Amino acid sequence: MKHNEQVATGKYDTVKDTNSGFLVLTSDRLIWFERQGIVSRQVRAAVYIDLLEIGGIVKGGSLAHWVSIADSQGEHLFHFGRMSDEDFTAKLRGPIVQAAYRLRQKHDAQRIEQVKAEERAKTAVQMVTCKYCEAKVASDKERCWRCGASDFKPLNEAGDSKHLTESSSQ
Ligand SMILES: [Zn+2]
């Protein structure tokens, strides 16, 4: 597993109040850790933002800078102090966008693998027609369920079996 990467320290705005803490980037999400009270050194994970659900990361404000990260739940508003556009891109937006991109690629690769595996499973077991009684039998069975023949599989592969039925129907 990739090490957690602390992105920024600052404040998180909720409707009620503003809480201090720090934002951490993991390989699959952003986690906002919030300080418990003013004196306490304890922190707790307060907000989770799934990287695949991030719709946008924008920065704004002229005096009090804010960073907004939007996901399916809505908008998360943070204050990380003054930040130049370059810093914002290099230290905050860039790493998050890159991590989201890597995660998406990983997911795509897994999905492709899954589809391939399903296709392999499908071709491994297919229904064949018993050459004696014409019952449909799964190709991984040892005997035809109807006539009991062990050599129920048609001798020819799909391409030739068409030819076989054509010639036998003469
Ligand atoms: Zn049969």
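Can you tell me which condition GLY148 does not meet? The list is (1) at negative phi; (2) within 16 Å of the ligand (Cβ to nearest atom), and all the others hold.
Failed condition: (1).
Any residue at all in region 113-123 that's farther than 30 Å from TRP145 by Cβ and surrounded by 17 or more Cβ atoms within 10 Å (Cβ to Cβ)?
For region 113-123, residues farther than 30 Å from TRP145 by Cβ and surrounded by 17 or more Cβ atoms within 10 Å (Cβ to Cβ): absent.
Could you check region 39-67 and list, in sequence order, the residues that are within 29 Å of HIS107 (Cα to Cα) and surrounded by 16 or more Cβ atoms within 10 Å (Cβ to Cβ)?
The first filter runs over region 39-67 and keeps only residues within 29 Å of HIS107 (Cα to Cα), leaving 44-59, 67.
Passing the criteria: VAL47, ILE49, LEU51, ILE54, ILE57, LYS59, VAL67.
In the list GLY94, GLY60, which residue meets the criterion of being at negative phi, touching a Ser or Thr at 6+ places or on another chain (Cβ under 9 Å) and free of Cβ contacts under 8 Å to residues at least 12 places away in the same chain? Write out each step before concluding.
On the way: GLY94 fails: touching a Ser or Thr at 6+ places or on another chain (Cβ under 9 Å).
On inspection, the qualifying residue turns out to be GLY60.
Output the residue which, of all residues in region 68-83 that are surrounded by fewer than 14 Cβ atoms within 10 Å (Cβ to Cβ) and out of contact with any helix residue (DSSP H, G or I) (no Cβ under 9 Å at 6 or more places or on another chain), is farthest from THR26 (Cα to Cα).
Of the residues in region 68-83, the ones surrounded by fewer than 14 Cβ atoms within 10 Å (Cβ to Cβ) are 72-75, 81-82.
When the remaining residues are screened for being out of contact with any helix residue (DSSP H, G or I) (no Cβ under 9 Å at 6 or more places or on another chain), the result is 74-75, 81-82.
Details: GLY74: 20, GLU75: 20, GLY81: 22, ARG82: 24 Å.
The residue in question is ARG82.
The numbers here are math on the coordinates, done by the rules we state, and not lab data. Not measured: the values here are computed from a predicted model. Backbone-built Cβ (ideal geometry, glycine too); neighbour counts: all protein chains shown.
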